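The values are calculated or read from the model by the stated rules, or taken from the named source; none is laboratory data. Everything numeric here is computed off the predicted structure, so don't read it as measured data. All Cβ positions, even for glycine, are placed from backbone atoms using ideal geometry, and neighbour counts span all protein chains on display. Just the protein is used for accessible areas: all its heavy atoms, side chains included, with ligands, DNA and RNA removed. Shrake-Rupley method; radii C 1.70, N 1.55, O 1.52, S 1.80 Å.
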Amino acid sequence: MTTAAQRLNENLASAQPSATYRMMDRVAAKRASGAKVISLSAGEPDFDTPVHICDAAVDAIRQGHTRYTQVAGLRALREAVAAKFRRENGLDVDWRDTIVCSGGKQVIYNALAATLNEGDEVIVPAPYWVSYPEMVQLCGAHPVVVSCDADVGFKLTPAVLAAAIGPKTRWLILNSPANPTGAVYTRGELAALAEVLLAHPHVLILSDDIYEHLTFDGERFHTLAAVEPRLAAHTLTMNGVSKAYAMTGWRIGFGTGPRWLLEAMEKLQGQQTSGASSISQHAALAALDGPQAFIAQTRRVFEARRNLMVELLNETPGISCAVPGGAFYAFASCAGLLGRRTPAGTLLNTDEDVALALLDEANVAVVHGGAFGLAPYIRVAYALDTESLRQACQAIQRFCAALSD
Ligand code: GLU
């Protein structure tokens, strides 16, 4: 029975819990009951944070850097962030044009919360990372989801963008390399989107570059504000140390954009979480200013895993997978499994049924495509060692081979 006190904020009540975390929780519960689960659900590198970064954090603790920092981040870290944006992205950034937050998620949420009002719209190309539409919804605004199917490489096209923009559009969210599809926008594709955006200066752009360093086949990464500098005043370019340096748990994200926006985000953060963890900020400084070899090494490892996963998934009856150009996800169609029945008797009507049955009956965790706005697919995060990936694919293949009509 709900009491009069149990009333939630309406925007929260109508939002969905994070589907990625829900699957991670299911995996944890299953493991706690003794099952051996191979998890391809969490989108995080399986490597340890490099030792020099951990040492910098320990030094920070020992040297007493354990107090509040400035809300927008330590000056030294903001200088390193600005230098990163100049060095790696060709963006003309001063340290005052940056903000440091508790993870990339907070950069995005702060930007949306600082700017959205009831009735505002945010264009979210689908497949999308699960949290974009929910964050928009939490801010009382309306996500305008536009479908970008496999036939366009899961990418937004200028025509679809132009049709989605209206007078209430506040933001467009772009993510390349993309979660969950691994799609990578070329320079030409971004330039074509920029043409449309230049004609609509009331639209802000959030460029989520968190998978920047994971592009394969020699393809180079490009970010919108560098491709079209005239859009820089309208763009929040967001990134962080989580994926590049295997630092997901340290919770450091950062961004650069117009000062009015960064100041509003800082104001919000100052009333909310304050500055990010002082210790993590010192670690992030060591990551950005220290040796960078880790990035190229891990990219090579992920590319080899990508090749293996695409091959094994495409050998699986009922599953087909395009070759993702980046990130560490394969977004595989499971259309061929629908309508079939598992040995335990479950009828697979949806991709969510497939994901749940894979966990229950094959001990492999993936996230269903519907959670990312496109069904019927499964997202496979290949951030695991090769042997575990092979075992997971064998289990998926056995599961598929045992289905009946
Ligand atoms: N970005 C990761 C994922 O998609 C981490 C989990 C999350 O925050 O959604 O799996």
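Okay, here's what the table says:
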quantity: Within the range 344-368, considering residues that are part of a loop (DSSP other than H, G, I, E, B) and out of contact with any Ser or Thr (no Cβ under 8 Å at 6 or more places or on another chain), the one surrounded by the fewest Cβ atoms within 10 Å (Cβ to Cβ); calculated: 345
quantity: Residue pairs meeting the criteria (Cβ under 7 Å; at least 6 apart or on separate chains; first polar (S, T, N, Q), in the range 10-23; second within 14 Å of the ligand (Cβ to nearest atom) and open to solvent by less than 60 Å² (accessible area, probe 1.4 Å)); calculated: 16/134; 18/130; 18/131; 20/41; 20/42; 20/43; 20/130; 20/367
quantity: Residues of the range 244-273 that turn out to be outside any helix (DSSP H, G or I) and open to solvent by 40 Å² or more (accessible area, probe 1.4 Å), as a count; calculated: 4
quantity: Residues that are in contact with a Ser or Thr (Cβ under 8 Å, 6 or more places away or on another chain) and assigned to a loop (DSSP other than H, G, I, E, B), drawn from the range 121-152; calculated: 127, 130, 148
quantity: Extreme residue, most open to solvent (accessible area, probe 1.4 Å), among residues of the range 76-112 that are more than 20 Å from residue 283 (Cα to Cα) and without any contact (Cβ under 8 Å) to a residue 24 or more places away in the chain; calculated: 86
quantity: Considering residues of the range 184-206 that are of a type in the set (Gly, Ala, Ser) and open to solvent by 10 Å² or more (accessible area, probe 1.4 Å) only, the residue farthest from the ligand (Cβ to nearest atom); calculated: 199
quantity: Filter pass, residue 41 being open to solvent by less than 80 Å² (accessible area, probe 1.4 Å) and within 16 Å of the ligand (Cβ to nearest atom); calculated: yes
quantity: Criterion: within 16 Å of the ligand (Cβ to nearest atom) and modelled with pLDDT of 95 or more - qualifying residue of 369, 325; calculated: 369
quantity: So residue 115, is it open to solvent by 30 Å² or more (accessible area, probe 1.4 Å) and of a type in the set (Val, Ile, Thr); calculated: no
quantity: Filter result (of a type outside the set (Ser, Thr, Tyr), assigned to a loop (DSSP other than H, G, I, E, B) and surrounded by 18 or more Cβ atoms within 10 Å (Cβ to Cβ)) within the range 154-176; calculated: 154, 155, 156, 165
quantity: In the range 319-343, residue most open to solvent (accessible area, probe 1.4 Å) [restricted to those that are closer than 15 Å to residue 380 by Cα and part of a loop (DSSP other than H, G, I, E, B)]; calculated: 323
quantity: Any hit, the range 68-75, residues being in contact (Cβ under 8 Å) with a residue 24 or more places away in the chain, closer than 22 Å to residue 211 by Cβ, β-branched (Val, Ile, Thr) and more than 16 Å from the ligand (Cβ to nearest atom); calculated: no
